[in-house]
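Peer 1: Before I ask anything, here is the structure I am working with.
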Amino acid sequence: MATPIWAGRRSLTVEVEMLAEAISTGERHLCTRGVFHMVASLDRSLRETWSLPPLATTHDVHSPGDVHMADVIFTDQANSSGAMFGGDSIAFMTKAALVAASRLCRRLTALASSERLDFHHPIRVGSIVEAVARVVSTGRTSMTVEVELRAEALLSGERCQTAKGPFVMVAVDENQKPVPVIPGEFDAGAS
């Protein structure tokens, strides 16, 4: 979790906490905390006129069941056209689906299938990519997780949806065998 705590004309101070969460219990532990002072590196022509916007006094409120994961795209994640590899995009979306499904059932989950994914816009090197995942339906051992992938231009803040699709995740035991999403919900004779 990153929280901006001070903004100057060309610098920003951010407090960052890294938490670890146990899949089976949901218990969270603080791993580390730090304060980072960031300074904008600008072209000479912008140095006198550009400044950071004021800190927001309100923030987006996320639905409690939603999972939000963000990353910055670097050149090792991009093709020769400077756009994020499609496979890396799908892997990122799958991780978000796994977290959403595992948080719901408090079990390990595995990807069973994903439907067609259409990529609407490329995600360029230097962009922020965000996956938003939410469980939209559950079955006996499976959950359907809708995942939306968004890109944000780092400097302008312009955002767009780049892909969206359903991922079917299955609750599994330590032997990777399917188990009920909610323990005890189904009797041995239930179908």
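Peer 1: Which residues, counting only those in region 1-24, are touching a Ser or Thr at 6+ places or on another chain (Cβ under 6 Å), in a strand (DSSP E or B) and exposed (fewer than 14 other Cβ atoms within 10 Å of the Cβ)?
Peer 2: I5, W6, M18
Peer 1: So which residues in region 122-153 are part of a loop (DSSP other than H, G, I, E, B) and either crowded, with 18+ Cβ neighbours inside 10 Å or on the phi < 0 side of the Ramachandran plot (or both)?
Peer 2: P122, I123, V125, S127, G139, R140, T141, A153, listed by residue number.
Peer 1: If I ask for residues that are touching a Pro at 6+ places or on another chain (Cβ under 7 Å) and at pLDDT 95 or above, which ones from region 157-189 would you list?
Peer 2: V170, A171, V172
The values are calculated or read from the model by the stated rules, or taken from the named source; none is laboratory data. All values derive from a computational prediction rather than experimental measurement. We place every Cβ from the backbone using ideal geometry, glycine too, and count neighbours over all the protein chains shown.
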